[in-house]
């Protein structure tokens with residue numbers, strides 16, 4: 001049985017007009033794509049409606065974890081692909097999914113990412129690999145910080161092919177999102193009992209002074225031109241907002 005019959009891509013949206021069409025073009029192979037919208041006011045619904053395989057669902061947003069739980073439970077296939085609207089799914093990933101992942105009996109599959117700035121891939125980034133393919137009856141979803149963690153009990157596969165992250169939403173929307181992410185991440189840092197080294201450093205509010213240069217070099221430095229500069233600015237902005245959240249409400253306060 002092909003991937004088209006066994007896998008349902010699930011996508012969350014909120015005002016994703018600049019991104020959703022490119023992702024849905026990549027998912028033309030799927031029989032059904034479940035899109036869970038949080039109440040978009042732009043042309044997201046109109047763009048998605050041009051694709052005959054899209055099943056459009058609307059659910060008011062409360063948490064990322066709850067949105068994903070709703071979307072995944074709305075699928076009817078053995079497996080789901082959990083995708084953000086600003087991802088791209090290349091043909092080599094789809095081929096590996098069909099040829100290796102599905103026949104292997106895995107419970108989940110982890111994929112790495114090419115981080116792109118307006119379509120230009122960076123040499124590297126801090127964007128983490130994530131579980132994107134998961135068996136629906138074994139999925140576990142938590143939200144320890146600003147984003148969800150999707151996992152499953154059972155053997156895990158690591159894809160050789162990578163997805164792309166290419167967010168082209170307006171700057172104002174990006175900044176609003178980073179503000180909310182910083183608030184949620186600061187709350188996680190205040191309550192975690194097993195901090196990682198990154199968490200300890202962030203609690204000092206010094207991370208912005210380290211991240212900018214590191215992100216610029218990781219992205220490709222001068223060889224990547226303006227794309228590396230923009231990526232370094234994005235990473236520094238988030239760390240500055242997170243540091244300000246931490247300083248406004250020191251550890252131990254609720």
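The values are calculated or read from the model by the stated rules, or taken from the named source; none is laboratory data. Everything quoted here is computed from the prediction, not taken from an experiment. Cβ atoms come from the backbone with ideal geometry, glycine included; neighbour counts cover every protein chain shown.
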Original post:
If you take the residues in region 32-47 that are in contact with a helix residue (DSSP H, G or I) (Cβ under 6 Å, 6 or more places away or on another chain) and not in a loop (DSSP other than H, G, I, E, B), which one is surrounded by the most Cβ atoms within 10 Å (Cβ to Cβ)?
Top reply: 35
**OP:** Filter region 65-95 down to residues that are over 18 Å from residue 108 (Cα atoms), touching a helix residue (DSSP H, G or I) at 6+ places or on another chain (Cβ under 9 Å) and assigned to a helix (DSSP H, G or I), then give me how many there are.
**Re:** 1
Subject >> Failed criterion for residue 120 (all others in (1) more than 24 Å from residue 236 (Cβ to Cβ); (2) touching a residue at least 40 places away in the same chain (Cβ under 8 Å) hold) >> reply: (1)
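Would you say residue 3 is surrounded by 18 or more Cβ atoms within 10 Å (Cβ to Cβ) and at pLDDT below 95? Talk me through it step by step, then tell me what you get.
Values: surrounded by 18 or more Cβ atoms within 10 Å (Cβ to Cβ): yes; at pLDDT below 95: yes.
Yes.
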Original post:
Within region 86-104, how many residues are exposed (fewer than 15 other Cβ atoms within 10 Å of the Cβ) and either in contact with a strand residue (DSSP E or B) (Cβ under 9 Å, 6 or more places away or on another chain) or in the same structural domain as residue 228 (by TED's automatic domain parsing) (or both)?
Top reply: 2
Original post:
Can you tell which of 152, 186, 227 is in contact with a helix residue (DSSP H, G or I) (Cβ under 8 Å, 6 or more places away or on another chain) and either within 30 Å of residue 102 (Cα to Cα) or in the same structural domain as residue 100 (by TED's automatic domain parsing) (or both)?
Top reply: 152
Subject >> Which numbered condition residue 177 fails, given (1) without any contact (Cβ under 8 Å) to a residue 12 or more places away in the chain; (2) more than 18 Å from the chain's Cα centre (by Cα); (3) within 18 Å of residue 64 (Cα to Cα) >> reply: (2)
